[in-house]
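Report on the structure given below.
The values are calculated or read from the model by the stated rules, or taken from the named source; none is laboratory data. Keep in mind that this is a model prediction, so the values were computed, not measured. Because the Cβ atoms are built from the backbone with ideal geometry, glycine has one as well, and the counts that use them run over all protein chains shown. Remember, those area values only see protein heavy atoms, side chains included, never the ligands or the DNA or RNA. Shrake-Rupley method; radii C 1.70, N 1.55, O 1.52, S 1.80 Å.
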Amino acid sequence: MNKNWPDNHPSVAFGKVGVLLVNLGTPDGTDYKSMRRYLKEFLSDQRVIEEPRWKWWPILNGIILQTRPQKSGKAYASIWNNEKNEGPLLTITRSQSEKLAERFAALTLARPVEVDYAMRYGNPSIKSKITALAEKGCERLLVLPLYPQYAAATTATVNDVVFDVLKEMRWQPALRTLPPYHDNPAYIEALATSLKNSLSKLDFEPEVILASYHGIPQRYFDNGDPYHCHCMKTSRLVREALGWSKDYMRTTFQSRFGPEEWLQPYTDKTVESLAQSGVKRIAIFNPGFSADCLETLEEIDGENREIFMEHGGEQFAHLPCLNDSEEGMDMLASLTINELQGWV
């Protein structure tokens, strides 16, 4: 109770700053119903699938949601955190949130900071976590979409939901959102440090290293999405930081979906071509992902490993994302503190 309030004033939490980490999402389970629910939410997002509803809806509901949940469920089962019964993205994002909270707890600040996490698709939802932070007295809110390179299908759709939640609130918190950090020195330094650490643990020296980013349709880029430019700049800055050549570290794009052209070169085709050309040792890292997930653990370390070996490759390494590593947390703390200037 504030000493300046009258005796009969209701108890109100106030005076805090909320920090919300947001990542893509994860299904609640690998069973058909859980996968279908998750895929429907994800693939119904018009930021993700930029097609008219009349055209996309019959395909989604009549074909994709009838067959894809089983296939995706098997893929998730191969990387599932069985101990916690959750996807690895949820496990890692929670840990990032907890470790960031510990760092803020050790600081002397003008206002206390509450750190939490949410998923754009699935649980915990953005709405539930913004509501919880407001109930704890967070009058100011910093949202961190954990995507270094901006894309409408990632950063923008997180912000869309945040704005929609605030539209329903009578007492809104002041809001800030983290801008893309694809060229932030703290991010580049963290990537370079992580790569050096991971490569030092290998029992072989890669002939080629691929920086594999999640793809988007070429049409999205042509319509003005800056994602490709952000990815290429990240790659260039990492190469420069480590003194690598363009031939040694190459940029590719993974996870294409549907018949239309996506950003190229494609990761799987590049891996196949490298093996067929006589390259025996490669490593792949995923600078566009803040945490390891289905697209890194199953698609890269699983599918692309198999492609490389089947076409003549001999040694393959998937280098982990920043996750909740020391260098990764240093980077997240640096970004967060910078965006909170004037608030704490």
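More than 17 angstrom separation, counting every C-alpha pair in segment 295-342; what % is that?
Of all Cα-Cα pairs in segment 295-342, 54 percent lie more than 17 Å apart.
For helix 32-43, what angle does its Cα long axis make with the longest principal axis of the chain, in degrees from 0 to 90 and rounded to 10?
Once rounded, the angle reads 80 degrees.
Determine the sum of side-chain charges near Glu189: Lys and Arg each +1, Asp and Glu each -1, restricted to other residues whose C-beta is under 9 angstrom from that of Glu189. Could you put the intermediate results ahead of the total?
Working: positive: none; negative: Glu327, Asp330.
Taking every other residue near Glu189 into account, the sum is -2.
So what J values fall out for segment 336-344 if you push phi through Karplus, 6.51 cos²θ - 1.76 cosθ + 1.60 with θ = phi - 60°, rounded to Hz, Gly and Pro as x?
Once θ is set to phi - 60°, the couplings for segment 336-344 become 5, 4, 4, 6, 8, 4, x, 9, 10 Hz.
In units of 2.2 N^0.38 Å, what is the alpha-carbon radius of gyration of segment 193-265? Mind dumping the intermediate values first?
On the way: Rg = 14.3 Å, N = 73, 2.2 N^0.38 = 11.2 Å.
This ratio for segment 193-265 stands at 1.27.
About its Cα centre, what dipole magnitude does the chain give when the only charges are +1 on Lys and Arg Cβ and -1 on Asp and Glu Cβ, stated in debye to the nearest 20? Could the numbers behind the result be given before it?
Numbers: 38 positive and 45 negative charges, 176 e Å.
The calculation lands at about 840 debye.
Heavy-atom accessible area of His214 with all protein chains present, probe 1.4 Å, nearest 10 Å²?
My reading of the accessible area for His214 is about 60 Å².
Going by average Cβ neighbours within 10 Å, how do the peptides 248-261, 182-195, 17-30 rank, with the highest at the top?
Working: 248-261: 16.5, 182-195: 19.7, 17-30: 23.6.
So the order, starting with the most tightly packed, is 17-30, 182-195, 248-261.
List the residues whose amide H sits under 5 Å from the amide H of Tyr117, counting only those 5 or more places along or on another chain, with H placed 1.01 Å from N in the peptide plane.
Leu21
Per residue, how much accessible surface does segment 126-177 expose to a 1.4 Å probe? Answer in Å², no decimals.
Details: 2240 Å² over 52 residues.
I get 43 Å² per residue for segment 126-177.
Per q in 0.21 Å⁻¹, report the Debye log10 I(q)/I(0) for segment 210-344, using one uniform scatterer on each alpha carbon and no solvent.
Result of the Debye calculation: -1.35.
Give the carbon-plus-sulfur fraction of the accessible surface of the chain in %, rounded to a whole number; probe 1.4 Å, heavy atoms of protein chains only.
Details: 8010 of 16260 Å².
Solvent-exposed carbon and sulfur of the chain make up 49 percent of the total.
If you take every DSSP beta bridge fully contained in the chain, what fraction is antiparallel? Give it as a percent rounded to 5. Walk me through the intermediate numbers first.
Values: 2 of 38 bridges.
Taking every DSSP beta bridge with both residues in the chain, the antiparallel ones total about 5 percent.
Just tell me which lysines come within less than 30 Å, Cα to Cα, of Lys127; anything on the same chain fewer than 8 places away is out.
Leaving aside lysines fewer than 8 places away in the same chain, those within reach of Lys127 are Lys16, Lys33, Lys40, Lys55, Lys71, Lys74, Lys84, Lys99, Lys136, Lys167.
If we restrict to alpha carbons, what Rg and Dmax does segment 238-306 come to, in Å?
When restricted to Cα atoms, segment 238-306 yields Rg and Dmax of 12.8, 38 Å.
So if I restrict to the alpha-carbon atoms in segment 146-229, what is the Rg, and what is Dmax, the biggest pairwise distance, in Å?
17.8, 59
If you rank Ser34, Ser273 by how much accessible surface each has, with a 1.4 Å probe, what is the order from largest down? Can you show the working numbers first?
Values: Ser34 15, Ser273 65 Å².
Descending accessible area places them as Ser273, Ser34.
Ratio of alpha-carbon Rg to the 2.2 N^0.38 Å globular estimate for segment 63-137, to two decimals, please.
On the way: Rg = 16.7 Å, N = 75, 2.2 N^0.38 = 11.3 Å.
That works out to 1.47 for segment 63-137.
Accessible area per residue for segment 281-344 in Å², computed with a 1.4 Å probe and the full protein assembly in place, what is it? Don't skip to the end; give the middle numbers.
Details: 2310 Å² over 64 residues.
On a per-residue basis, segment 281-344 sits at 36 Å².
Using packing as a proxy for protection, rank 111-118, 303-310, 199-206 so that the peptide with the highest average count of other Cβ atoms within 10 Å comes first.
111-118, 303-310, 199-206
Which three semi-axes in whole Å describe the equivalent ellipsoid of the chain, each the square root of 5 times a Cα gyration tensor eigenvalue, listed largest first?
Sorted largest first and rounded, they come to 36, 25, 18 Å.
List the residues of segment 108-124 whose backbone N lies under 11 Å from a point placed 7 Å from the Cα of Ile337 along the Cα-to-Cβ direction.
Counting backbone N atoms under 11 Å from the label point, the list is 108.
Assuming 0.692 mPa s and 37 °C, estimate D for segment 270-329 with Stokes-Einstein, Rh taken as the Kirkwood radius over Cα pairs, in µm²/s. Mind showing how you got there, number by number?
Working: Rh = 12.0 Å.
It comes out at roughly 273 µm²/s.
Over the chain, calculate the relative contact order: mean separation of alpha carbon pairs under 8 Å at least 6 apart, over the residue count, as a percent. Intermediate results must be reported in sequence, preceding the final value.
Details: 543 pairs, mean separation 71.8, N = 344.
Relative contact order here is 21 percent.
When the helix-only estimate is applied to the chain (DSSP H runs of n ≥ 4, each -39,500 (n - 2.57), divided by the residue count), what is the mean residue ellipticity at 222 nm, nearest 500 deg cm²/dmol? Please report the intermediate quantities before stating the final value.
Numbers: 12 runs with 138 residues, N = 344.
Calculated at 222 nm, the ellipticity per residue is -12500 deg cm²/dmol.
To one decimal place, what orientation-averaged projected area in nm² is obtained for the convex hull of the Cα set of segment 9-148?
Values: hull surface 46.6 nm².
It is 11.6 nm².
When only C-alpha pairs under 8 Å and at least 6 residues apart count, what is the relative contact order of segment 109-256, in percent? Intermediate results must be reported in sequence, preceding the final value.
On the way: 141 pairs, mean separation 34.3, N = 148.
RCO, segment 109-256: 23 percent.
Classify segment 93-161: rounded, prolate or oblate, from the alpha-carbon gyration tensor (a ≥ b ≥ c, eigenvalue square roots; a/c under 1.5 rounded; otherwise prolate if a/b is larger than b/c)?
Details: a/c = 1.89, a/b = 1.54, b/c = 1.22.
Because a/c hits 1.5 or more and a/b exceeds b/c, segment 93-161 counts as prolate.
Give me the compactness ratio for segment 84-223, meaning the Cα radius of gyration over 2.2 N^0.38 Å. Provide the component values of the computation, followed by the final result.
Numbers: Rg = 18.0 Å, N = 140, 2.2 N^0.38 = 14.4 Å.
Compactness ratio reported: 1.25.
Where Rh is the Kirkwood radius over the Cα pairs of segment 142-183, the temperature 4 °C and the viscosity 1.567 mPa s, what D in µm²/s does Stokes-Einstein return?
Working: Rh = 11.0 Å.
Here the translational diffusion coefficient equals 118 µm²/s.
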